[in-house]
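Right, one structure below, let's go through it.
The values are calculated or read from the model by the stated rules, or taken from the named source; none is laboratory data. Only a predicted model underlies this, so the values are computations on that prediction, with no experimental measurement involved. Please note: Cβ atoms are built from the backbone with ideal geometry, for glycine as well, and neighbour counts cover all protein chains shown.
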């Protein structure tokens, strides 16, 4: 029997093919590693943005829920609102709320009110929703007898959330409509 001999040109070809395959596999693994790192960074940024958006909206809700908002809009911007994200008792994010600005005011007429709805009965009586007294159609005011104690006011509120650890920041601009006592609304609008 005759033994098979390889021509000298084919010696070492299998080692070269194996080396090429190893380089291709290494390139695929390196690309997958880089893409997974980028995806992790994108997910972290999305989570950070969602947390700051929730914190800014929470601060805006805190501001508009209080009586101070309508009586003294400048006072709401005095101190930042701290938000604890992870529940450990310390504030993770600080939200600075700018001074709210009222850009539209409309006095509500008595025939537009429904005394069965909460808050609207006060608009018909001698006290507005936040307690100030105004005599409807009384002397010195020149008020129309058909006007109520309330006014619809529209406000612009800006809240800027920031994370001191990561340096991430987000600003939320929110428009809100509030039915307010007419005296306070006139004093603080436009």
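Would you mind stating whether residue 111 is modelled with pLDDT of 80 or more and within 30 Å of residue 46 (Cβ to Cβ)? Against the criterion (modelled with pLDDT of 80 or more and within 30 Å of residue 46 (Cβ to Cβ)), residue 111 does not qualify. Here residue 172 meets each of (1) at pLDDT 85 or above; (2) closer than 25 Å to residue 104 by Cβ; (3) surrounded by fewer than 17 Cβ atoms within 10 Å (Cβ to Cβ) with one exception, condition (3).
For the stretch 146-168, a tally of residues being surrounded by 14 or more Cβ atoms within 10 Å (Cβ to Cβ) and either touching a helix residue (DSSP H, G or I) at 6+ places or on another chain (Cβ under 6 Å) or under 16 Å from residue 81 (Cα atoms) (or both) returns 13. Considered as a group, the residues in the stretch 114-126 that are over 32 Å from the mean Cα position of the chain (by Cα) and assigned to a loop (DSSP other than H, G, I, E, B) include one that is nearest to residue 177 (Cα to Cα), and that residue is 114. The set of residues from the stretch 116-143 being loosely packed, with under 12 Cβ neighbours inside 10 Å and at pLDDT 65 or above comprises 116, 117, 118, 119.
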